[in-house]
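Enquirer: Pasting a structure here, questions to come.
The values are calculated or read from the model by the stated rules, or taken from the named source; none is laboratory data. These figures come from a predicted structure and were not determined experimentally. Every residue, glycine as well, gets a Cβ built from its backbone with ideal geometry; the counts of neighbours run over all protein chains shown. Surface areas here come from the heavy atoms of the whole protein model, side chains and all, with no ligands, DNA or RNA. Shrake-Rupley method; radii C 1.70, N 1.55, O 1.52, S 1.80 Å.
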Amino acid sequence: MLHHNAIDTTVLPPGERFGMWLDLVARTSAPLRIQSAHADDFAARADFFDLGPIQLVGYQYPSLDATRTRKLVRQSDPELYVLALTTGGIGTSSQDGRRSEILSGEFTFYDASRPHDVCHHATEPERTQATSIITLIPHAALPLPPQRMATLYGGRMSGTEGIGALLAQFLLRVTGHPEQYHAADAGRLGAVGLDLATTMLGRHLAAEDAVPTEVRRRALITQVQAYVHRHIGDPTLTPQVVADAHHISLRSLHRLFEAEETTVASYIRDTRLAGCRRDLSGPLRKSFGGYAVRASAAGW
């Protein structure tokens, strides 16, 4: 199982829960000044995943308002970018004069080495919680021009279209089903997540050429593999169909798979066979269908 650490405030009486969260915030690499309308009973949880080049944090709480002041930045500078995916609730993100409303299914991006404000509230605090998945990316790990990144601070990006949708699915899968991965997978999962995040940010910079060629190749192969898994139950799925879906030539698709030491047709066949084996070994032996992708700071 993929190793992770969890903090759950509900192990304490209601009156002590917010204090536990504040202590957690104080011990992070990028402390924040936190307020909440639910401080009297702050039922919250944080799950931390160390994936080598990046870290993921899954959060849930009723409401939270956070500020990273200049003083806090001077006291602790982790040199981290924060890419936050809202999965439930509604919030705002503000940095360097740019402010955006962030809805469920959207990303926001900011630099933890600079002052910023974030708010995140459940739409129905008495019944639901605000939830998010945070990706922490070291400045040195993101292969994009640092002088260009400020144009993205405090902005919003879709997590339901294109590369953003693929990144969102990846984050939800890893944090939601850590039991489906081995501890040894952590570094590789981190590399996949970093490639997807880099490609998405590069496209929003309108500077995809700034994304290293190998990063773009790995991100595209991940997109193709995800497409194959989603459509594996379609008997008409062929290399040409896959190429057309990604607006590349069949020749380019074959070149893409050369570094994977397999062919497109072999990947489709092996995926189908793996699915058949899983179905036949299952207790109900269900008919073969589609298969989900398995890719081989407190507060948002």
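Enquirer: I'm trying to understand the selection: among the residues of the stretch 58-98, which are among the hydrophobic types (A, V, I, L, M, F, W, C), buried (at least 18 other Cβ atoms within 10 Å of the Cβ) and farther than 23 Å from Pro146 by Cα?
Expert: Once the filter is applied, which keeps residues that are among the hydrophobic types (A, V, I, L, M, F, W, C), buried (at least 18 other Cβ atoms within 10 Å of the Cβ) and farther than 23 Å from Pro146 by Cα, the stretch 58-98 yields Leu64, Ala66.
Enquirer: Okay, next question. If a residue has to be over 16 Å from Gly162 (Cα atoms) and either of a type in the set (Lys, Arg) or open to solvent by 50 Å² or more (accessible area, probe 1.4 Å) (or both) to count, how many in the stretch 232-263 make the cut?
Expert: The number of residues fulfilling the criteria is 16.
Enquirer: Next question, about the same structure. If you take the residues in the stretch 117-135 that are assigned to a strand (DSSP E or B) and surrounded by fewer than 24 Cβ atoms within 10 Å (Cβ to Cβ), which one is nearest to the chain's Cα centre (by Cα)?
Expert: Per the stated criteria, the residue is Ile134.
Enquirer: Let me ask something else about it. Which of the residues that make up the stretch 1-57 are basic (Lys, Arg) and open to solvent by 50 Å² or more (accessible area, probe 1.4 Å)?
Expert: Arg27, Arg33, Arg45
Enquirer: Being over 22 Å from Tyr61 (Cβ atoms), assigned to a loop (DSSP other than H, G, I, E, B) and at pLDDT below 95: is that true of Pro78 here?
Expert: Spelling it out, it is not the case that Pro78 is over 22 Å from Tyr61 (Cβ atoms), assigned to a loop (DSSP other than H, G, I, E, B) and at pLDDT below 95.
Enquirer: Looking at Pro31, is it in a loop (DSSP other than H, G, I, E, B) and out of contact with any helix residue (DSSP H, G or I) (no Cβ under 8 Å at 6 or more places or on another chain)?
Expert: No.
Enquirer: Are any residues in the stretch 1-23 part of a helix (DSSP H, G or I) and under 25 Å from Glu179 (Cα atoms), and if so, which ones?
Expert: Thr9, Thr10, Val11
Enquirer: Something else now. Quick check: anything in the stretch 19-40 out of contact with any strand residue (DSSP E or B) (no Cβ under 9 Å at 6 or more places or on another chain), within 27 Å of Leu172 (Cβ to Cβ) and of a type outside the set (Ser, Thr, Tyr)?
Expert: yes
Enquirer: Still on this model: Could you count how many residues in the stretch 258-294 are at pLDDT 85 or above and closer than 20 Å to Leu189 by Cα?
Expert: So the count comes out to 2.
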